[in-house]
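Written below as structure tokens is the structure these notes are about.
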Amino acid sequence: QRTWLHDDFTEERETSEQWLNSLITEISAWLTRSYEKVLDKQAIKLGEAERLHFADVIERNKEFLK
């Protein structure tokens, strides 16, 4: 998150995609956890396929994260 949000890491954001790939993984995992936490017992258990789908959607829109 620091790389993504802090001004000191502007150059790294512009020259590397590694931080972005890590961020995509973290966001997709967060979406899965949040869904299950909010819906609690009513939530359908999500697996790796769903997390990868979230990651794919985020990947297709990653320019908005830069």
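Scanning the range 55-66 for residues that are free of Cβ contacts under 8 Å to residues at least 12 places away in the same chain and not β-branched (Val, Ile, Thr) yields Asp56, Arg60, Asn61, Glu63, Phe64. Exactly one residue out of Leu52, Leu46, Leu31, Leu23 is in contact (Cβ under 8 Å) with a residue 40 or more places away in the chain, surrounded by 10 or more Cβ atoms within 10 Å (Cβ to Cβ) and out of contact with any His (no Cβ under 6 Å at 6 or more places or on another chain), and it is Leu23.
All of the numbers you see were taken from the coordinates with simple rules; none came from a lab. All values reported here derive from a predicted model rather than from experimental measurement. Cβ sites come from the backbone with ideal geometry, for glycine too, and all protein chains shown count toward neighbours.
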